[in-house]
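As structure tokens, the structure follows; a few thoughts come after it.
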Amino acid sequence: MADPTVLTVRAGIGPLALKAVGSDVFDRLGVAFARSALVEIEPGEGETARAKGDHMVVAGIRPDEIWLIGTRDRVRALWSSLSAAPGFEHVHAVHLDPGIATFHLAGPHAGSVLEKICSLDWSEAMTPNGAAVSAGVAKVACDIVRADGYLGGSAPGYLIMCSRSYGRYLEECLIDAGEEFGVEIRFNSLPN
Amino acid sequence: MTSDSRPFLPSLRSVRLTPGKPLLGPTESGQGNDGRLTGRLGARSGEVVDRRRPIRFRWNGTDLVGLEGDTIASALLANDVQLISRSMKYHRPRSYLTADYWDPNSLVQVGDEPNVRSAHRLLAPGMEVSAQNVWPSVEHDIKAANGLVGRFLTAGFYYKTFVRPRRLWPAYERVLATFAPGGSVDIDTPHGYYDKRYSHPDVVVAGAGPAGMTAAVAAAEAGARVMLVEHEPALGGHLRFGDAGQRAVVAGLGRELDRLGVEVLVDSTVTGRYEDNWLAINQRSHPGVVERLIKARAKSLVVAPGLIERPYVFAGNDKPGVMTSGAVRRLINGYAVRPGRRAVVLTANADGDRAVEILESAGVEVAAVVDARAGGDVVAAHGPARRLEEVERNDGSRVEADLLVIAIGWTAPTSLLNMAGDRPVYHDAGARFVPGAALDTVLATGGLVGDGSLDELLDHARATGRLAAGRAALTSHRLRFSTARARAVDGPEPPWPDDDRPDFAPDPHPALFRSSTHGMVDFSEDVSSKDLVAAAAEGYDSVELLKRFTTATMGPSQGKLETVNTVAVLAEARGETIEQVGTTVWRPPFAPVSLGALAGRVFEPTRRSPMHDWHESNGAVPLSAGVWIRPDHYGDPAAEVVNTRSNVGIIDVSPLGKFDLRGPNVTDLLNLVYVNRWSKLAVGAVRYGVMCTDDGVVFDDGVTGRLATDRYLLTTTSSGAAAVGEWMENWLQTERPKWQVSVTPVTDVFASMNLAGPKSRMLLSRLAPELDLEPERFGYMQVRIATVAGVEDCVVWRIGFTGELSYEVHVPADRGLEVWQAALDHGDDLGLAPFGVEAQRIMRLEKGHFIVGQDTDGLTKAGALGLGRLVALDKPDSVGRPELVWDGTGDERAPTEPCLVALQPTNPEIVPDEACQLLRPGTNEIVGRITSSRMSPTLGRSICLGQVRSDLAPAGTAVTVLLIDGRRVTAEIQAHHAHFDPEGVRLRG
């Protein structure tokens, strides 16, 4: 039996936006606009392994803006180390995580679910693993990062982020779109 | 559909047999049911019905039984029901002509769904089918009396007869509406679920006959992602009802499609082709939904709809019993239904010849074959209105028959090519239109292009599929090259694939459109060849004019059956060739689309604040404020006002737009987009600003606080946040690209709440004990970052939209509810109570604070708002400044220019409705309007804001308010916008 497609509602992670107007400092991070990279977190001293979901994503959301996406502590820790690096003194960090609703949609039907509520081309050629894109999803402005394996497995996976106030509406739309594919719904603890 | 492995389903137990009507017809091939004109035949190889799965349904209230796989039409004919409908205008008796989707006589009512195409819709258990637009019954339709005066109801009758006197048109309209065709709709019918989907296939193939299937296979083999769309419920096109060998071809192609992973949509229609191959596909077969609209962006489109058999024009050609050879093939070979007992066949091609064989194989007596290729012709069908009895040939002889089969040629449905810009050309030898100039990414194949052997057809289709895939690959390469997120292209751009498909053209065919007699041309609209000739004689001799004047080609068949005959009749009337007359333009949709499918799934985004659930569970009455759902009030807005003015109130203002501004040029940006000055805003200070567009019209307003040397927080109106964000980005990216400013929308990052009222300072001191709230150190229009209720990094503003001492607290959104609840816990003894949007609006009106969009409109310039020196015209630059300089901001404004004023009706009990007109006293001259009005709980009287001519704005001026019930009352202009506390003592306290 094929793995199910899973929608994790309120994934408990959020972005920290780094903005560098008129600077090429982001080039050093190796993440171009509209692309993203999965960052493996090295185990800390005394730690033997990290659980799945401890990954972080660095995404070139806009030409002058990258997002560090992950759990709040991990994101802040990474920014803390980055901000001390030369060239980053002119980078502005805006903690968006309290204001962003995040969904993780992964599995063999993930692209088909998105096809029902978003007009972008989700094929491998146009939106491969690592793609970062802004798009309207069910008429809500969203930032979407394709991050296969973010929560484990190798099936296509997407982090879908919208303004928090749209969260419940988008949640309903995603669940509705996933119904015909038997998408499993998992809820995280992030409230409202 | 006839697999022997299927068990006999228990559903048969629910079927009650109608006495005298065998359930399944004869069990062996051969003669049909005795005494009946039409009926079920014995089992036939290739039939698409499942005889072990009977389906019970009702027709006009009578219980009938069909079979799984039946259309409504085949089930009705199997039950010896021939009279299906009445024609639109003359209510002439009609039966099936083509027995497919395009059949003009097939519309029926199914349950509460009107206009169902019964020759296409599959039978379903329990269907309630009835004839529509008849009274009292399809057998005895009183409106058939129209036929008696038919000679007077020619084309243009309505236009000419009811054009005058014009005053009587409403009366005419009421009567004519009762003659409108169509079924009935129950307005209480629940709206079904209509789905929507987007798709980006490399190649879409429209039509899954042998050519379409072959093209799809070839394109997929070339590496393309292919979507194959078939109008009918199954693949195969005309081969679906062919012989065993033809059906084997279809089966083989089906296996190839499956192997290659081609997405196949049956009972689906490409209804429109738009720019860049944007295709609208109506999928009627998706499980669980009524219909689904697929918006597909195809890189290549292959058009392979096949051909549509064309009716023939002669006297009595719409009589029940006249049908096309395709209908005969479909009914006998597919549904095992005998269409008649004794037939005459008019044939001009191989399909007509084959119809003879098929009829004979079904036991139908073929009384005569009239070969048009040898000069034979049919000139009339005779018999009573509801039945064919005799066929008259062009040699004067008459043949008894109850079935007349017509095979005189085809129409090429070039609609999708038309929509791509192609203009079909008439192929004289083939007697049909064919595609015109070749298009790059819209390629035609199959019968639409030409005839020939099956091998030749498949060769052309295969080449077309490869060509479509090749050109799609080139498009894909270019898309990936130009799209940042796409997978990088590998290698150089592939070459443009040339069109090297084999030649393919129609075979010679006799040109047969109208016999020597006149008959029906448009069966859907009851337009005869006589009508067309008369219209041409009246001067409507352009085909596009003729179409609109007579409505020929504009009915449910949408020209698929009647366009070519219309053109031919017009050509004959004009004494010209069909090529000279040309054809009409086929526009979307290719086939009618339900309104439900067009509406699709309704996306109506809504926004909720972090405290939404609290409001809901505490009795808030919701208010839709744009996309936000906000608490309008908690039961009594007036009491909420009184409590806030007396004690302290709390309101959720999370929708307030917010932007985080950083960078060395923030002040420059603020000076540019606001009309006031920003250069000397100290850290911790707040300033109110008005934003204008280029023409000086007020666009938005809000306060901006400087949180740190390099950090500002700008707020906007709730509804204006998105527009302001785009406005600032537009100026930064296009006009001031060198400025270093980053603008980050943070509306949802903060949950915002306003503590308002004389005890708000006390309340906040409990929540933020470390924050110095002394007025001299945290005064009006100041901002601080503080810990509130244990939550760090809150932004606390001392501002006052309500006119009260108040503090606006912006809390990280994920802690918003926590702080809200803490405030309620700490404010109980202070009389703290929540208030909603309505109370806020009352209080701001008492204070005279305007709302952009409510008290302003699309012409209101900043100078009209009485902002005085806030509008800094001496700044070197700001958006709208030149216009404001010209317009003025004070007394120099033209007397007719409107300005915002406060008004109080002389009668304090009267609250004029918003938008009531203001008149110059004693006249009907409109001098302004009320923009906001409420009964003030604080003042115990009605209060208003309004816009009035500047020369009537001085305090004490009386104006007349025209109420919506026509009464006129007097109101007096006030000295200040503020009705309450004009000095701002409470605000600054």
Original post:
Can you find a residue in the stretch B:229-252 that is under 20 Å from B:Arg297 (Cβ atoms), of a type in the set (A, V, I, L, M) and within 14 Å of chain A (Cβ to nearest Cβ)?
Top reply: no
Subject >> All strands (runs of 3 or more DSSP E) inside the stretch B:659-726 with 2 or more residues being under 45 Å from the mean Cα position of the chain (by Cα) and of a type in the set (Gly, Ala, Ser) >> reply: B:698-708
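Yes or no, residue by residue, for (1) open to solvent by 10 Å² or more (accessible area, probe 1.4 Å); (2) not assigned by TED's automatic domain parsing to the domain that holds B:Gly212:
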position	(1), (2)
B:Val303	no, no
B:Phe314	no, yes
B:Gly321	yes, yes
B:Ala336	no, yes
B:Leu346	no, yes
B:Ala350	yes, yes
B:Arg354	yes, yes
Subject >> Checklist (1) at negative phi; (2) more than 11 Å from every other protein chain (Cβ to nearest Cβ); (3) crowded, with 23+ Cβ neighbours inside 10 Å applied to A:Arg164, failing item >> reply: (2)
Subject >> Meets criteria (at pLDDT 95 or above, in contact with a Lys or Arg (Cβ under 7 Å, 6 or more places away or on another chain) and surrounded by fewer than 18 Cβ atoms within 10 Å (Cβ to Cβ)) for B:Ala381 >> reply: no
Original post:
Among the candidates B:Asp499, B:Asp490, which residue alone is within 14 Å of chain A (Cβ to nearest Cβ), assigned to a loop (DSSP other than H, G, I, E, B) and acidic (Asp, Glu)?
Top reply: B:Asp490
Original post:
If only one of A:Tyr150, A:Tyr158 is more than 9 Å from chain B (Cβ to nearest Cβ), open to solvent by less than 20 Å² (accessible area, probe 1.4 Å) and in contact with a helix residue (DSSP H, G or I) (Cβ under 9 Å, 6 or more places away or on another chain), which one is it?
Top reply: A:Tyr158
Original post:
Pick from B:Ser760, B:Ser752, B:Ser742: which is in contact with a strand residue (DSSP E or B) (Cβ under 6 Å, 6 or more places away or on another chain) and away from every other protein chain (no Cβ under 14 Å)?
Top reply: B:Ser760
Subject >> Top-ranked residue in the stretch B:261-279 [being in contact (Cβ under 8 Å) with a residue 40 or more places away in the chain and within 18 Å of B:Ala444 (Cα to Cα); ranked as surrounded by the fewest Cβ atoms within 10 Å (Cβ to Cβ)] >> reply: B:Tyr274
**OP:** Tell me, yes or no, whether the stretch B:202-212 has at least one residue that is modelled with pLDDT of 95 or more, within 14 Å of another protein chain (Cβ to nearest Cβ), part of a strand (DSSP E or B) and in contact with a Ser or Thr (Cβ under 7 Å, 6 or more places away or on another chain).
**Re:** yes
Subject >> Set B:Gly306, B:Gly288: member being on the phi > 0 side of the Ramachandran plot and either part of a strand (DSSP E or B) or within 14 Å of chain A (Cβ to nearest Cβ) (or both) >> reply: B:Gly288
Original post:
Restricting attention to the stretch B:799-840, which residues are in a helix (DSSP H, G or I) and within 14 Å of chain A (Cβ to nearest Cβ)?
Top reply: B:Ala813, B:Asp814, B:Arg815, B:Gly816, B:Leu817, B:Glu818, B:Val819, B:Trp820, B:Gln821
**OP:** Kindly indicate whether any position in the stretch A:114-131 is over 11 Å from the mean Cα position of the chain (by Cα), within 18 Å of B:Arg607 (Cα to Cα) and free of Cβ contacts under 8 Å to residues at least 60 places away in the same chain.
**Re:** no
Original post:
Of all residues in the stretch B:479-496, which are more than 31 Å from the chain's Cα centre (by Cα) and either open to solvent by less than 30 Å² (accessible area, probe 1.4 Å) or of a type in the set (Lys, Arg) (or both)?
Top reply: B:Arg487
Subject >> Failed item in (1) closer than 30 Å to B:Asn146 by Cβ; (2) out of contact with any Phe, Trp or Tyr (no Cβ under 7 Å at 6 or more places or on another chain), with B:Arg354 passing the rest >> reply: (1)
**OP:** Select from the stretch A:111-136 the residues that are touching a strand residue (DSSP E or B) at 6+ places or on another chain (Cβ under 6 Å), open to solvent by 20 Å² or more (accessible area, probe 1.4 Å) and more than 7 Å from chain B (Cβ to nearest Cβ) and list them in ascending order.
**Re:** A:Leu120, A:Asn129, A:Ser134
**OP:** Restricting attention to helices (runs of 4 or more DSSP H) lying wholly within the stretch B:542-622, give those where 2 or more residues are aliphatic (A, V, I, L, M).
**Re:** B:543-550, B:563-574, B:578-581, B:595-599
**OP:** Look through B:Asp660, B:Asp652, B:Asp613 and report the one residue that is open to solvent by less than 10 Å² (accessible area, probe 1.4 Å) and within 17 Å of B:Leu824 (Cα to Cα).
**Re:** B:Asp652
Subject >> Some residue of the stretch B:585-594 being under 25 Å from the mean Cα position of the chain (by Cα) and open to solvent by less than 10 Å² (accessible area, probe 1.4 Å) >> reply: yes
**OP:** From the list B:Asp857, B:Asp887, B:Asp913, pick out the single residue that is in contact with a Ser or Thr (Cβ under 8 Å, 6 or more places away or on another chain) and outside the structural domain of B:Met691 (by TED's automatic domain parsing).
**Re:** B:Asp913
Subject >> Among the residues listed as B:Arg164, B:Arg174, the single one being open to solvent by 100 Å² or more (accessible area, probe 1.4 Å), without any contact (Cβ under 8 Å) to a residue 40 or more places away in the chain, in a loop (DSSP other than H, G, I, E, B) and away from chain A (no Cβ under 14 Å) >> reply: B:Arg164
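The values are calculated or read from the model by the stated rules, or taken from the named source; none is laboratory data. As the structure is a prediction and not an experimental result, all values here were calculated from the model. Please note: Cβ atoms are built from the backbone with ideal geometry, for glycine as well, and neighbour counts cover all protein chains shown. Please note that ligands, DNA and RNA were not included when accessible areas were found on the heavy atoms of the full protein model with its side chains. Shrake-Rupley method; radii C 1.70, N 1.55, O 1.52, S 1.80 Å.
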